[in-house]
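Trainee: Below is the structure I would like to discuss, written out as structure tokens.
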Amino acid sequence: MYHLGMALVEVNSVWKSYPRWTGLRNEPQHVVQDVSFAIEPGETLGLVGESGSGKTTLARMILGLVEPSRGSVRVDGTDVASASASELRRLRRQMQPVFQDPYAALNPRMNVLDIVTEPLIIHRREVGIKTDRATLRAKAIEFLSEVGLDDSVLARHPHEFSGGQRQRINIARALALRPKLLILDEPVSALDVSVGAQVVNLLRRLQREHGLTYLFISHSMPLVRYLSTRIAVMGRGRLVELGEAVDLCANPSQAYTRQLIEATPELPASVA
Ligand SMILES: Nc1ncnc2c1ncn2[C@@H]1O[C@H](COP(=O)(O)OP(=O)(O)O)[C@@H](O)[C@H]1O
Ligand SMILES: [Mg+2]
């Protein structure tokens, strides 16, 4: 099912190459090669592949943090690489990342109140919000309650939390601008399995409640299968195959996909 012009994200024949010194000369290393896919509003597209297959590079190109060497990425109809400053600000509000390392993403000197409301302050004009203390505090409590935290965390700092709590704080911050799309790059890979399972189920609930669209990136096929509407499989920079999650897992067309399915253990009962 592909409706031309309706996709939230369109990745069109995208390449990313870095020069690599071979000992004799610099030769381009193609870390993403001719990848195309679309993400439809409301779906979860799973992006799965072994380490080094180009998943994070692809995510960073969608976010506008890395420029494609060739090809283009459109988000909500706007070409990310050639977007103007004001278009980029609009895209920032619609598309938020959540990365693997929940600690690295949080400023250690800020308390939780400041961390989760900072996006509102940065985008206050476009969002049209007052930024007095009482308003920000109420907003922070609202965002935190959505991720299962209460107002006792507001004055605390990132080092005081466990990995799972930190990732909840990251998610609360990512939701502050009411984005349409979350780019989730291995969001539970650094967490214990049972803690990761809770965060995964939180992501499912938030998606339902807010009608969010997800790009969910993981090296774990069972996790991707649990969350995804469709699955895109990456191997050595290329899109190996893409299909409906159920069909692709039941009937993978590529040996590489079959290996990914067989390589990773089943999910613990706490998830499924
Ligand atoms: N800035 C960079 N310069 C050179 N090589 C890079 C850079 N970023 C990523 N790579 C290389 O691109 C390949 C894909 O990396 P990455 O996108 O992080 O894969 P994944 O997220 O699937 O593990 C790796 O071989 C990595 O070393
Ligand atoms: Mg990665």
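Every number here is computed from the coordinates shown, using simple stated rules; none is lab data. This one's a predicted model, so the numbers in the text were calculated from it and none came from an experiment. Don't worry about glycine lacking a Cβ; one is built from the backbone with ideal geometry, like all the others, and counts go over all protein chains shown.
Trainee: Give me the net charge for the shell around V66: Cβ to Cβ below 12 angstrom, other residues only, Lys and Arg +1, Asp and Glu -1.
Mentor: +1
Trainee: Could you identify which residue out of T44, T135, T22 has the top mean-square fluctuation in a GNM of the chain using Cα springs shorter than 10 Å?
Mentor: Its mean-square fluctuation being the largest, the pick is T22.
Trainee: Using Cα pairs closer than 8 Å and at least 6 residues apart in sequence, work out the relative contact order for the range 118-254, in percent. Kindly include the intermediate steps, with their values, before the conclusion.
Mentor: Working: 120 pairs, mean separation 21.9, N = 137.
Answer for the range 118-254 is 16 percent.
Trainee: Once label points are set 7 Å from the Cα along Cα→Cβ at both E244 and A263, what is their separation, rounded to one decimal in nm?
Mentor: That separation, rounded to one decimal, is 2.7 nm.
Trainee: Once you keep just the Cα pairs under 8 angstrom separated by 6 or more residues, what percentage relative contact order results for the chain?
Mentor: Details: 492 pairs, mean separation 67.4, N = 272.
In percent, rounded to a whole number, it is 25.
Trainee: For a quick check: sort T78, T131 by the number of other beta carbons within 10 angstrom, fewest at the front. Kindly include the intermediate steps, with their values, before the conclusion.
Mentor: On the way: T78 16, T131 12.
Sorted ascending by nearby Cβ count, the order is T131, T78.
Trainee: Would you mind counting up the charge near K55? Only other residues with Cβ under 11 Å from its Cβ, with Lys and Arg at +1 and Asp and Glu at -1. All intermediate terms of the calculation are to be shown ahead of the outcome.
Mentor: Details: positive: R60; negative: E50, D185, E186.
Local net charge: -2.
Trainee: Assign one of three labels to the chain, namely rounded, prolate or oblate, based on the Cα gyration tensor with a ≥ b ≥ c the square roots of its eigenvalues; rounded applies when a/c is under 1.5, prolate when it is not and a/b is larger than b/c, and oblate otherwise. Before the final figure, lay out the partial values.
Mentor: Numbers: a/c = 1.69, a/b = 1.35, b/c = 1.25.
Because a/c hits 1.5 or more and a/b exceeds b/c, the chain counts as prolate.
Trainee: Considering the zone a paramagnetic label at M110 would reach in this model (a point 7 Å from Cα along the Cα-to-Cβ line), which residues of the range 56-87 have amide N under 12 Å from it?
Mentor: Answer for this model: none.
Trainee: If one computes the Cα centroid of the range 199-272 and of the range 31-107, what distance in Å separates the two points?
Mentor: That distance is 18 Å.
Trainee: Then there is this: Which residues among the range 146-170 fall inside the zone where the amide N is under 20 Å from a point 7 Å beyond the Cα of D192, along Cα→Cβ?
Mentor: Residues 148-150, 158-170 fall inside that zone.
Trainee: Within 10 Å, Cβ to Cβ, of F37, how many net charges do the neighbouring residues add up to if Lys/Arg are +1 and Asp/Glu are -1?
Mentor: Working: positive: R230; negative: E10.
For residues surrounding F37, the net value is 0.
Trainee: In terms of modelled amide H atoms, which long-range or inter-chain residues lie less than 5 Å from the amide H of R70?
Mentor: Under 5 Å from the amide H of R70: W15.
Trainee: Rounded, prolate or oblate: which fits the range 89-218, taking a ≥ b ≥ c as square roots of the Cα gyration tensor eigenvalues, rounded meaning a/c under 1.5, else prolate when a/b beats b/c?
Mentor: Judged from the Cα gyration tensor, the range 89-218 comes out oblate (a/c at least 1.5, b/c at or above a/b).
Trainee: Starting from the amide H of E241, placed 1.01 Å from N in the peptide plane, find each other amide H under 5 Å away whose residue is 5 or more places distant or on another chain.
Mentor: Placed amide hydrogens put V233 under 5 Å from E241.
Trainee: Among DSSP beta bridges lying fully in the range 9-263, give the percent that are antiparallel, nearest 5. Let's see the in-between values first.
Mentor: Details: 23 of 42 bridges.
Just about 55 percent of them are antiparallel.
Trainee: With θ set to phi - 60° and the Karplus curve 6.51 cos²θ - 1.76 cosθ + 1.60, what are the ³J(HN,Hα) couplings of the range 231-238 in order, to the nearest whole Hz, using x for Gly and Pro?
Mentor: Coupling constants for the range 231-238: 10, 10, 9, 10, x, 6, x, 10 Hz.
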